[in-house]
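Participant: Dumping the structure here so I can ask a few things about it.
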Amino acid sequence: MSLLEIQNLRARYGRVEVLHGVDLNVEEGSIVALLGANGAGKSTLLRAICRAVDTSGSCRFDGVDLSGRSTAAIAHLGIGHVPEGRGTFADFTVEENLRLGAVSRTRARSRRETDADLELVYETFPVLREFRRRQAGALSGGQAQMLAVARALLGRPRLLLVDEPSLGLAPLTARDLFDRFTGLRDEWALTVLLAEQNAKLSLTIADRAVLLSRGRVVHDGPSGDLATVDAVHADYLGASEFDLSHADARTKETR
Amino acid sequence: MTEFLQIVLDGLMTGVVYAALALALGVVFQGTGMLNLSQGELAVVAAYIAWACTQAGIPIWPAIAIAIVASAVLGAVIYHGVVRFVPPHREDSLMTLGVTLLLGLNAIVSMVWGTDPRAFPSPFGTWVANFGGLRLTSQQLGGVALVGATMLVMAVVFTRTTFGLRLRAVAQNPRSAAYLGLRSGLWLSAGWAAACAVGAVAGIVAAPTAGLSPAMMTVPLLMALAAANIGGISSRVGVVVGGLLIGLLTAIGGRYIPGLGGDLNVVFAFAAVIAVILVKPAGLFGRESVVRA
């Protein structure tokens, strides 16, 4: 059974429908890249899963129907969301931000367990330990993105939704961040749904790629297959701006 | 010189009421983006509840405790029943809502208890302390102690507890807080409850000297607005300092500027606001969020 099962999901802002009946399954333990151009509906799909926008259709997490639940209640089920723009609390220290991440732990855990997870996060992102007393608003873009991901990890989610993590980051910083996702998936027993415009970067770590165009899924398959889909090139990628060599290599490894 | 010191002292004592009310305004503003113009009337309701309890034979301190708790509940109910339906970016609607609540609460208080001023018993006794020619009433000293203790409790709750951290998180970014599992409606209700409890203290401290009436907190509310602007509504320390400054300035202005006594002092308070915001728009202690580009 898939960890996340979405059927005919629609989402709207006011009267404007942005998602027009999306179907998507996410297997437990996988990293799924959600690709698409600006306005394709990637961020909206993540928000719709969290019921942060007006939504209709079926969305089940580990067999539990998410309809009628609040965004906060969905977090408590074990869905972490790193929103576009990071959503950190600028006036709070790094450590305060991280401790807030522990609010949604699905089971009541002791402070000792939270502290142990905090230590684990600091080992993964040493820069956060260095700046733990610093205001989050004073961090660089890369550090703030690490904080946003780390904060979500403190909630011990089973499914992590990450929205445009490379946005505004220097290429090397983005590369460094993406390289960590595979390790995080294994160490924290995560399933990751990654909405990202940078297809090249995403496909180096993704098991599967889902391409959205104008609020609809136009391709869903192993990440290496993306190169062979004509519609993908025509609608989004463009042959010259996209190098699938990394994705091909990864797909061969996982098959 | 003694007269001047007495005026300074009296001004600071009055300022604690403005400070408490300004603190309540700040808590609500940071949480919901609403400048709660009904905060003064909520304080009046609290004072009337305490008074009604004493009339029913309940001793003054339990009556005050009941009034504070009732105010907190009323604040949570008002947030949950009305305010939460107005988005924070609709400043116009929130302003109108504040005026509506002010007028509505004023009307309810007038209908239930009448408009005639009533004597409110001082919970601190009626003795007077004299030292060095200066005079301090037990009401003034007790008022400062009660408001000071309330502010200390609020400071500890907001900065040293998980409750305060979560409340501030929801106030700063409700959407992000929701993604973390914080139910914003619940926490903002708690914020309103806390603000109304603080406002209740202001009303109860003001009532024995001002005389209990539906319009008792009209001028203090204006002074609290001025205090919040001078100190910076985003700063808990700022609103308290602002309240004390307003108390001080209006006491001195009322004494030494001919024709500026009584309620006309409010002009002096807002002139001070203009002077401060021209130099520091966020207030003396207010700060803009630090966000690195």
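The values are calculated or read from the model by the stated rules, or taken from the named source; none is laboratory data. Predicted, not measured: the structure shown is a model, and the values here were computed from it. In this analysis, Cβ positions are derived from the backbone assuming ideal geometry, glycine residues included, and neighbour counts consider all displayed protein chains.
Participant: Here are some conditions: (1) away from chain B (no Cβ under 13 Å); (2) in contact with a strand residue (DSSP E or B) (Cβ under 7 Å, 6 or more places away or on another chain); (3) crowded, with 19+ Cβ neighbours inside 10 Å. Residue A:132 meets all but one. Which one does it not meet?
Facilitator: Only one criterion in (1) away from chain B (no Cβ under 13 Å); (2) in contact with a strand residue (DSSP E or B) (Cβ under 7 Å, 6 or more places away or on another chain); (3) crowded, with 19+ Cβ neighbours inside 10 Å is unmet by residue A:132, namely (3).
Participant: Among the residues of segment B:245-262, how many are surrounded by fewer than 21 Cβ atoms within 10 Å (Cβ to Cβ), in contact (Cβ under 8 Å) with a residue 40 or more places away in the chain and either closer than 13 Å to residue B:228 by Cα or among the β-branched types (Val, Ile, Thr) (or both)?
Facilitator: 1
Participant: Just a yes or no: is a residue in segment A:12-20 under 22 Å from residue A:182 (Cα atoms), within 14 Å of chain B (Cβ to nearest Cβ) and not basic (Lys, Arg)? Let's see the steps before the verdict.
Facilitator: Applying the first criterion (under 22 Å from residue A:182 (Cα atoms)) to segment A:12-20 yields none.
No, that holds for no residue.
Participant: Are there any pairs with C-beta distances below 8 angstrom linking a residue in segment B:203-222 that is without any contact (Cβ under 8 Å) to a residue 60 or more places away in the chain to a residue that is of a type in the set (D, E, K, R), with the two at least 6 apart or on different chains, and if so which?
Facilitator: Between residues of segment B:203-222 that are without any contact (Cβ under 8 Å) to a residue 60 or more places away in the chain and residues that are of a type in the set (D, E, K, R), the close pairs are B:219/B:263.
Participant: To continue, here is another question. So residue A:149 fits all but one of (1) more than 14 Å from chain B (Cβ to nearest Cβ); (2) farther than 19 Å from residue B:162 by Cβ; (3) not charged (D, E, K, R); what number is the exception?
Facilitator: (1)
Participant: Within segment A:159-175, work out how many residues are surrounded by fewer than 23 Cβ atoms within 10 Å (Cβ to Cβ), modelled with pLDDT under 95 and not in a helix (DSSP H, G or I).
Facilitator: Taking segment A:159-175 first, the residues surrounded by fewer than 23 Cβ atoms within 10 Å (Cβ to Cβ) are A:159, A:164, A:166-175.
Filter once more, so that each one left must be modelled with pLDDT under 95: A:164, A:166-175.
When the remaining residues are screened for being not in a helix (DSSP H, G or I), the result is A:164, A:166-170.
Number satisfying all stated conditions: 6.
Participant: When you scan segment B:35-49, how many residues do you find that are in contact with a Leu (Cβ under 6 Å, 6 or more places away or on another chain) and either surrounded by fewer than 24 Cβ atoms within 10 Å (Cβ to Cβ) or free of Cβ contacts under 8 Å to residues at least 40 places away in the same chain (or both)?
Facilitator: The qualifying residues number 1.
Participant: Quick one: is residue A:37 assigned to a loop (DSSP other than H, G, I, E, B), in the same structural domain as residue A:169 (by TED's automatic domain parsing) and in contact with a Phe, Trp or Tyr (Cβ under 6 Å, 6 or more places away or on another chain)?
Facilitator: It is true that residue A:37 is assigned to a loop (DSSP other than H, G, I, E, B), in the same structural domain as residue A:169 (by TED's automatic domain parsing) and in contact with a Phe, Trp or Tyr (Cβ under 6 Å, 6 or more places away or on another chain).
Participant: Condition first: of a type in the set (D, E, K, R) and either farther than 19 Å from residue B:176 by Cβ or in a strand (DSSP E or B) (or both). Now tell me which residues in segment A:44-78 satisfy that.
Facilitator: Correct list: A:54, A:60, A:62, A:65.
Participant: Quick check, is residue B:286 touching a helix residue (DSSP H, G or I) at 6+ places or on another chain (Cβ under 9 Å), free of Cβ contacts under 8 Å to residues at least 40 places away in the same chain and at negative phi? Before the answer, list the steps.
Facilitator: Details: touching a helix residue (DSSP H, G or I) at 6+ places or on another chain (Cβ under 9 Å): yes; free of Cβ contacts under 8 Å to residues at least 40 places away in the same chain: no; at negative phi: yes.
Considered against the rule, which asks whether it is touching a helix residue (DSSP H, G or I) at 6+ places or on another chain (Cβ under 9 Å), free of Cβ contacts under 8 Å to residues at least 40 places away in the same chain and at negative phi, residue B:286 comes out as no.
Participant: Can you work out which of the residues in segment A:102-125 that are out of contact with any Asp or Glu (no Cβ under 9 Å at 6 or more places or on another chain) and of a type in the set (Gly, Ala, Ser) is modelled with the highest pLDDT?
Facilitator: Top of the filtered list is A:116.
Participant: Which of the following residues is part of a helix (DSSP H, G or I) and either farther than 22 Å from residue B:154 by Cβ or at pLDDT 95 or above (or both): B:20, B:65? Full working, then the answer.
Facilitator: Details: B:20 fails: either farther than 22 Å from residue B:154 by Cβ or at pLDDT 95 or above (or both).
Going through B:20, B:65 in turn, the sole match is B:65.
Participant: Does segment B:45-53 contain at least one residue that is aromatic (Phe, Trp, Tyr), in a helix (DSSP H, G or I), touching a helix residue (DSSP H, G or I) at 6+ places or on another chain (Cβ under 8 Å) and more than 23 Å from residue B:121 (Cα to Cα)? Quick ask: steps written out before the conclusion?
Facilitator: We begin by selecting, within segment B:45-53, every residue aromatic (Phe, Trp, Tyr); these are B:48, B:51.
In the following step, the residues that additionally are in a helix (DSSP H, G or I) were identified as B:48, B:51.
Then keep just the ones that are touching a helix residue (DSSP H, G or I) at 6+ places or on another chain (Cβ under 8 Å); that gives B:48, B:51.
Still in the list and also more than 23 Å from residue B:121 (Cα to Cα): none.
No, segment B:45-53 contains no residue that is aromatic (Phe, Trp, Tyr), in a helix (DSSP H, G or I), touching a helix residue (DSSP H, G or I) at 6+ places or on another chain (Cβ under 8 Å) and more than 23 Å from residue B:121 (Cα to Cα).
Participant: Follow-up question, since we're still on this one. In contact with a strand residue (DSSP E or B) (Cβ under 7 Å, 6 or more places away or on another chain), within 13 Å of chain B (Cβ to nearest Cβ) and within 21 Å of residue B:171 (Cβ to Cβ): is that true of residue A:81 in this structure? Reasoning before the result, please.
Facilitator: Working: in contact with a strand residue (DSSP E or B) (Cβ under 7 Å, 6 or more places away or on another chain): yes; within 13 Å of chain B (Cβ to nearest Cβ): yes; within 21 Å of residue B:171 (Cβ to Cβ): yes.
It is true that residue A:81 is in contact with a strand residue (DSSP E or B) (Cβ under 7 Å, 6 or more places away or on another chain), within 13 Å of chain B (Cβ to nearest Cβ) and within 21 Å of residue B:171 (Cβ to Cβ).
Participant: Identify the residue in segment B:123-180 that is surrounded by 18 or more Cβ atoms within 10 Å (Cβ to Cβ) and outside any helix (DSSP H, G or I) and, among all such residues, is modelled with the lowest pLDDT.
Facilitator: Restricting to residues being surrounded by 18 or more Cβ atoms within 10 Å (Cβ to Cβ) and outside any helix (DSSP H, G or I), the top hit is B:173.
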